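Before any comments, here is the structure.
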Amino acid sequence: MSTESQNFPIEVDVHHVKSLQDSGAEFLFIDCREEDEYETAKIPGTTLIPMSQMQDRVEELKEHQDQHTIVHCHHGGRSMRVTQWLRGQEFTKVQNMAGGIDVWSQEIDESVPRY
């Protein structure tokens, strides 16, 4: 693992992500759930790239390879797998949002439906 990725812990909590949004920080916020889940509930500012399509669509992300990236899913399991995979593809600043959209709904924005 590069020194640079060591400066970015593999996981961040929802409050950290919200503070990044509120401060206007530039980062790529990927939702790796499936399209039907995204239609049910979504966090504003996210880009949908389902885990099932990630390998086929990684080229779309290459321009963001050195940009801070946060990945989320429903509870944090799929997004952790995507985060680890992207780190293996030399995305050095990618992090998993612990607890996923479910914790986001409970602790940040109750208007985001739980399912």
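The values are calculated or read from the model by the stated rules, or taken from the named source; none is laboratory data. All figures in this text were calculated on a predicted structure; none of them were measured in a lab. Please note: Cβ atoms are built from the backbone with ideal geometry, for glycine as well, and neighbour counts cover all protein chains shown.
Here the range 63-106 is the region considered, the condition is being charged (D, E, K, R), touching a Phe, Trp or Tyr at 6+ places or on another chain (Cβ under 9 Å) and without any contact (Cβ under 8 Å) to a residue 60 or more places away in the chain, and the residue that is surrounded by the fewest Cβ atoms within 10 Å (Cβ to Cβ) is Asp66.
Could you list, in sequence order, the residues of the range 92-115 that are assigned to a loop (DSSP other than H, G, I, E, B) and under 19 Å from Tyr38 (Cβ atoms)? Quick ask: steps written out before the conclusion?
Of the residues in the range 92-115, the ones assigned to a loop (DSSP other than H, G, I, E, B) are 92-93, 98-99, 108-115.
Across the range 92-115, the qualifying residues are Gly99, Ile108, Asp109, Glu110, Ser111, Val112, Pro113, Arg114, Tyr115.
As a summary of the residue check, Pro113 satisfies the conditions (1) surrounded by 14 or more Cβ atoms within 10 Å (Cβ to Cβ); (2) more than 15 Å from the chain's Cα centre (by Cα) except for the one numbered (1). Candidates in the range 76-111 are the residues that are of a type in the set (Gly, Ala, Ser) and in contact with a strand residue (DSSP E or B) (Cβ under 9 Å, 6 or more places away or on another chain); of these, the one that is nearest to Glu63 (Cα to Cα) is Ser79. Out of everything in the range 1-27 that is part of a helix (DSSP H, G or I) and of a type outside the set (S, T, N, Q), what residue ends up being modelled with the lowest pLDDT? Here the residue is Glu4.
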